[in-house]
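Participant: Here it is: the structure, laid out below.
Please treat every number below as a calculation from the coordinates, not as lab data. Since we're looking at a predicted model, the values are computed, not measured. Here Cβ is always computed from backbone atoms with ideal geometry, including for glycine, and neighbour counts include all displayed protein chains.
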Amino acid sequence: MSNNIALRLSQLWKFAAWGCTLTLAATSLHAHAAGATYRFSPVNQYDINLTAAYWNPIISYVSEKSGVKLVLKIGRTSADTTSFVLAKEVDFAFTNHLFSPEREKLGWQTFGRRNLPPVSGEIVVPEGSTITSITQLDGKDMAFPGPEALIAYKAPLAYLLSQKINVNVVFSGNQNGAFAQLFAGQVQAVGGNSQLVESYSNREKKKFRVLWKSEPYHDLALMASNKVSPADLKAVAAAFFGMKDDPEGKIVLKEASAKIGLSDSAYFIPSDGSEYTNYKKFFQTLPPSLR
């Protein structure tokens, strides 16, 4: 009889220990989720140092205010950074590279954007260049930020191809690199984003002649992967949108914007993605070689 009691007690202790293990595991998983670190990848519109100088103070502020830890993850070039996004190695992005039919299937959600006027793709040369028309670019070297840049590469090159103007494409890794090559005389023209053309001109005191301009498109979108929990996304979004009304947030935005030549009004606002409809229409007419 005592042996049976001992056996039953042993079984009860094993069951209790197993239940305790499950409880600890669940608690551990909850703690991990509560303290999750998310990676944030903005497209390299500038060189790495300038991109980091703009975004690090902003995501530091957002992390503090939201209670959700964000860390910056950027590649050497804009194409490298987009590869992180496509591989879902990151959780948040600031990009316009995800609006093609194929990439919309990846499950990224637009939740915000900057409160800036729409931008256009442009073809620019230095103000003193002897090139004054698009037709003069045939056979010339032309720099672009990278193969993923919709506004600064796909839109200008699609237009040139439609006009049967062939240029020698040179990828520079980011928009600043393309401008540097232009003013060093290594290329004769640049495909650019009008916002970045203007901010570079303001920062570096360089003047451009615009040979062509596309239709307007909204600035890049704040996007979240479907790996981000709804609660964390809500907290991060609220922190981004609250910056403009918080004295501390205003200072962060002002100082960060000044580094890249943007105005104080470059704050973040909500978006449901509807502003990006013309991006989707653009892909419907894009030459297969640029998709």
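Participant: Regarding segment 102-202, what whole-number volume in Å³ per residue does the convex hull of its Cα atoms give?
Facilitator: Details: hull volume 12.1 nm³, N = 101.
Measuring per residue, one finds 120 Å³ for the Cα hull of segment 102-202.
Participant: Based on the Cα atoms of segment 143-291, what semi-axes does the equivalent ellipsoid have, where each is the square root of 5 times one gyration tensor eigenvalue, given in whole Å with the largest first? Could the numbers behind the result be given before it?
Facilitator: Details: eigenvalues 193, 95, 31 Å².
Taking √(5λ) for each Cα gyration eigenvalue gives 31, 22, 12 Å.
Participant: I've got another one for you. Amide H neighbours of L211 under 5 Å, counting only residues 5+ apart in sequence or on other chains, H built in-plane at 1.01 Å?
Facilitator: I123, V124, V125
Participant: While we're looking at this one, here's another question. Given labels modelled 7 Å from the Cα in the Cβ direction, how far is it in nm from A36 to N56?
Facilitator: Inter-label distance under the simple model: 2.6 nm.
Participant: Can you give the FRET efficiency for N278 and I131, using 1/(1 + (r/R0)^6), R0 = 25 Å, r = Cβ-Cβ distance, to the nearest 0.05? Write out the running numbers ahead of the final one.
Facilitator: Details: r = 29 Å, r/R0 = 1.15.
Once rounded, the FRET efficiency stands at 0.30.
Participant: Name all residues of segment 191-221 having a backbone nitrogen under 16 Å from the label point set 7 Å from the Cα of D141 along its Cα→Cβ direction, giving them as ranges.
Facilitator: Flagged as within label range: 191.
Participant: Looking at this model, which pairs from K73/K254; K88/K154; K69/K205; K65/K227; K140/K207; K105/K234 are more than 26 angstrom apart at the alpha-carbon?
Facilitator: On the way: K73/K254 23 Å; K88/K154 23 Å; K69/K205 37 Å; K65/K227 21 Å; K140/K207 20 Å; K105/K234 22 Å.
The answer is K69/K205.
Participant: I would also like to ask the following. For the residue pair I251 and K207, what label-to-label distance in nm results when each label sits 7 Å from Cα along the Cα-to-beta-carbon direction?
Facilitator: 3.8
Participant: Give me a comma-separated list of calculated 3J(HN,Hα) values for segment 79-88, in order, Karplus coefficients 6.51, -1.76, 1.60 applied at θ = phi - 60°, integers in Hz, x for any Gly or Pro.
Facilitator: Using θ = phi - 60°, the values come out as 5, 4, 4, 5, 5, 4, 5, 5, 7, 6 Hz.
Participant: Right, another one. I'd like the FRET efficiency for S289 and K88, computed as 1/(1 + (r/R0)^6) with the beta carbon distance as r and R0 of 30 Å, rounded to 0.05.
Facilitator: Numbers: r = 27 Å, r/R0 = 0.88.
So the FRET efficiency works out to roughly 0.70.
Participant: A further question on this structure: Each residue of segment 210-223 in turn: what ³J(HN,Hα) in whole Hz from Karplus with 6.51, -1.76, 1.60 and θ = phi - 60°, glycine and Pro shown as x?
Facilitator: Calculated HN-Hα couplings, in order: 8, 8, 7, 9, 7, 5, x, 10, 5, 4, 4, 9, 7, 9 Hz.
Participant: Search the structure for amide H atoms under 5 Å from the amide H of F268, placed 1.01 Å from N in the peptide plane, and list their residues when 5 or more places away or on another chain.
Facilitator: Correct list: N115, K244.
Participant: Using a/c under 1.5 as the rounded threshold, could you call the chain rounded, prolate or oblate? The axes a ≥ b ≥ c are square roots of the C-alpha gyration tensor eigenvalues, and prolate needs a/b larger than b/c, oblate otherwise. Intermediate results must be reported in sequence, preceding the final value.
Facilitator: Values: a/c = 3.08, a/b = 2.27, b/c = 1.36.
Since a/c reaches 1.5 and a/b is larger than b/c, the shape of the chain is classed as prolate.
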